[in-house]
Amino acid sequence: MGKIKTLVFAGGEIHDAKGCGEAIMEAMSEEKDFDLTYVEDDLDALVAPNLDPYDLIIFYYTIGEITDAQRDGLSNFIKSGKGYVGIHSAADSFREDPAYRAMVGGYFITHPRYRQYQVSVVESDHPITEGLDEFMVTDEQYITNYDPRVNVLASALWKGTAMPVAWTKDWGKGRIFYLALGHNPDSCRDENFKLLLQRGALWAASAGE
């Protein structure tokens, strides 16, 4: 099997998409399984058939608007048996598009202040979280409204309630991995973030195997 052809897509407002995109590229470059391409802000990269060369898309984007052609291009790409990894604000992209929200599996509601907090692994026998238990991060915790059918792999407490930090779900024949960590470039260089990102990418990209 050849390398996994991967599109890292970053953009949008509020977050340092450029800095985070660079940090994600650095993390993915540590793994030799990926052939990486980087695109910033150009959502027309999602319009069919522009995603056809890729096996996987890693998506870091905040707010913004998406056209039907862009969303359908992305959705159908995944449904065909490809992989999607959504990072942090991927759950806060395209707020007016319920179809995109349904695809990701949840959407941003609020966040407490940027701080250190503990992440607990809920499912320790999954390939993404295997060998992990509890770890500390300094990051922005996303509080999400999420589909109860997603497979929550890790969570963190907020006001006494466990909120997802990472989940997986199927989308057609494809796989989706969402990781709520990664607010800024420093957060994206955290060793546990990088491990979850790399493993999540490998898992999502293996949908067609």
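The values are calculated or read from the model by the stated rules, or taken from the named source; none is laboratory data. Keep in mind that what you see is a predicted model, and the values were worked out from it rather than measured. Cβ sites come from the backbone with ideal geometry, for glycine too, and all protein chains shown count toward neighbours.
Return a yes/no flag: does segment 62-71 have any residue that is in contact with a Gly (Cβ under 6 Å, 6 or more places away or on another chain) and either modelled with pLDDT of 95 or more or over 27 Å from LEU195 (Cβ atoms) (or both).
Scanning segment 62-71 turns up at least one residue that is in contact with a Gly (Cβ under 6 Å, 6 or more places away or on another chain) and either modelled with pLDDT of 95 or more or over 27 Å from LEU195 (Cβ atoms) (or both).
Would you say TYR117 is more than 19 Å from CYS188 (Cα to Cα), surrounded by 14 or more Cβ atoms within 10 Å (Cβ to Cβ) and of a type outside the set (Lys, Arg)?
no
Among the numbered criteria (1) of a type outside the set (Val, Ile, Thr); (2) over 17 Å from the mean Cα position of the chain (by Cα); (3) surrounded by 22 or more Cβ atoms within 10 Å (Cβ to Cβ), which one does PHE177 miss?
All conditions pass for PHE177, except number (2).
Name the residue that is nearest to SER75 (Cα to Cα), counting only residues in segment 1-17 that are surrounded by 14 or more Cβ atoms within 10 Å (Cβ to Cβ) and of a type in the set (D, E, K, R).
LYS5
Please work out which one of (1) closer than 26 Å to ASP55 by Cα; (2) outside any strand (DSSP E or B); (3) in contact with a helix residue (DSSP H, G or I) (Cβ under 8 Å, 6 or more places away or on another chain); (4) not β-branched (Val, Ile, Thr) is the condition LEU132 fails and give its number.
The single condition LEU132 does not satisfy is (1).
Restrict the check to segment 37-46 and report whether at least one residue is part of a helix (DSSP H, G or I), aliphatic (A, V, I, L, M) and surrounded by fewer than 17 Cβ atoms within 10 Å (Cβ to Cβ).
no
If a residue must be in a loop (DSSP other than H, G, I, E, B) and of a type in the set (Ser, Thr, Tyr), how many such residues does segment 154-191 contain?
Of the residues in that region, 0 qualify.
Checking the condition within 24 Å of ILE63 (Cα to Cα) and surrounded by fewer than 23 Cβ atoms within 10 Å (Cβ to Cβ), which residue from SER206, SER155 passes?
SER155
What are the pairs, 6+ residues apart or on separate chains, where a residue within segment 59-71 that is charged (D, E, K, R) has its Cβ under 9 Å from a residue that is part of a helix (DSSP H, G or I) and surrounded by 18 or more Cβ atoms within 10 Å (Cβ to Cβ)?
GLU65/LEU43; ARG71/LEU46; ARG71/TYR100; ARG71/MET103
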